[in-house]
Amino acid sequence: MIRIGCHLSCSKGFLNMGKEAVSIDANTFQFFTRNPRGGKAKPLDLEDIEKYLVYAKEHGITKILAHAPYTLNPCAKEEGLREFAYATMQDDLRRLEHIPGAMYNFHPGSHVSQGAEEGIRLIAEHLNRLFEEDFQTTVLLETMSGKGSEVGRNFEELQAIIERVERKEKLGVCMDTCHVFDGGYDIVNKLDEVLHEFDEIIGLDRLKAVHLNDSMNGCGSHKDRHAKIGEGNIGLEAIEQIINHSSLRKLPFYLETPNEIEGYHKEILLLRSLYKAD
Ligand code: FE
Ligand code: FE
Ligand code: ZN
């Protein structure tokens, strides 16, 4: 069975996200831990979480993915901004201790004028500091499209971060199909080669999740504009291969396509129909 869901608004709480997921035939989902632009999170509603956990178990929802605010920059030049990223992620991870089995995805950061090497060093330092506390949640580095000075624009940069982290068992990677395609990996014509390259450089055992998006732009465009499934330059045929690929099919897939809830429902039904039986 395919493990699939989409990005949901967290404003109504966990139980409602679970119900919304079930209403669109999803069995997982992604959510922002707080306003994606950063800022203070609402106090945790432990009663809501308790009800959610019962509901999730009853309805087979697993592997939900928390997404850190995308404005955080763990490798900012300014120490204050790095400190803010650290405090925010630490707070997120403390909260996620209440949701066993959830994973936590973040954008590695933008090195701005410092160069990728310094960016990589700062991100690894940030993670080593976070992991001084013993969180159970697996933290995922997202593959980036390489727009601006994003770190994580190729597999080598992600591996350079991982290499410098002491508690590697806490780390995984989330592959965003739009981002890797825009980053120059031809997952349309060379999916096997791309995954082989991922395996050689990072190791497929590190791959824990897939953001399933089509792309408005071409391979290597470094743009990061998501398109609806089958309506972009990746196309439905390649997406069918992605969800069925032996190295990917057991991973959870999260849609981040430009859709309202009914649009997500349609995409989930379409992808379920394209997923080959085990
Ligand atoms: Fe993301
Ligand atoms: Fe993504
Ligand atoms: Zn994106």
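The values are calculated or read from the model by the stated rules, or taken from the named source; none is laboratory data. Nothing here was measured: the structure is a model prediction, and the numbers come from that model. All Cβ positions, glycine included, derive from the backbone under ideal geometry; neighbour counts span all protein chains shown. For the accessible areas, the whole protein counts, side chains as well, though only heavy atoms, and no ligand, DNA or RNA atoms are used. Shrake-Rupley method; radii C 1.70, N 1.55, O 1.52, S 1.80 Å.
Accessible area per residue for the chain, computed on protein heavy atoms with a 1.4 Å probe, is 45 Å².
Tally Lys/Arg at +1 and Asp/Glu at -1 over every other residue whose Cβ is under 15 Å from the Cβ of ASN244; what's the total?
Numbers: positive: ARG3, ARG249, LYS250, ARG272, LYS276; negative: ASP192, GLU237, GLU240, ASP278.
Here the count lands on +1.
Is any residue of segment 237-264 close enough, with backbone N under 12 Å, to a label point placed 7 angstrom from the Cα of ASP25 along the Cα-Cβ axis, and if so, which? Residues 264 fall inside that zone. Counting every alpha-carbon pair across segment 23-122, the share separated by more than 24 Å comes to 32%.
The distance between label points at GLU163 and LYS250 comes to 2.9 nm (points 7 Å beyond Cα on the Cα→Cβ vector).
Considering only beta bridges that DSSP places wholly inside the chain, some 10 percent are antiparallel. Beyond 30 Å in Cα-Cα separation lie the following of the pairs LYS19/LYS228; LYS12/LYS276; LYS57/LYS266; LYS19/LYS147: LYS12/LYS276; LYS19/LYS147.
Multiplying the residue separation of ILE261 and ILE49 by 0.36 nm and removing their Cα-Cα distance gives an extension gain of 74.1 nm.
In plain terms, the chain from GLU83 to ASN128 could stretch by 14.8 nm, reckoned as 0.36 nm per residue minus the Cα-Cα distance.
Carbon and sulfur atoms: what percent of the 1.4 Å accessible area of the chain do they account for? Ligands and nucleic acids excluded, carbon and sulfur reach 49 percent.
Across PHE84, PHE155, the residue with the most accessible area heads the list, and the full order at a 1.4 Å probe is PHE84, PHE155. Around the amide H of ILE4, modelled in the peptide plane, lie the amide H atoms of ASN27, THR28, PHE253, all under 5 Å away and 5 or more residues distant in sequence or on another chain. For the options LEU72, LEU127, LEU15, a Gaussian network treatment of the chain with springs between C-alpha atoms closer than 10 Å singles out LEU15 as fluctuating the most. Of the two radii for segment 4-274, the radius of gyration is 0.94 times the Kirkwood radius, both from the alpha carbons; that is the Rg over Rh value.
Take HIS245, HIS98, HIS179, HIS196 and sort them by solvent-accessible surface of the protein heavy atoms, 1.4 Å probe, largest at the top.
Numbers: HIS245 30, HIS98 80, HIS179 5, HIS196 110 Å².
So, going from the largest accessible area down, we get HIS196, HIS98, HIS245, HIS179.
Amide H to amide H, with H built 1.01 Å from N, ASN73 comes under 5 Å of ALA85, counting only residues 5 or more places away or on other chains. Of all DSSP bridge pairs formed entirely within segment 69-188, close to 10 percent run antiparallel.
Using 0.36 nm times the number of residues separating LYS57 and ASP205, minus their current alpha carbon distance, what extension gain do you get? Walk me through the intermediate numbers first.
Details: separation 148, 0.36 × 148 = 53.28 nm, distance 2.60 nm.
Answer, rounded to one decimal: 50.7 nm.
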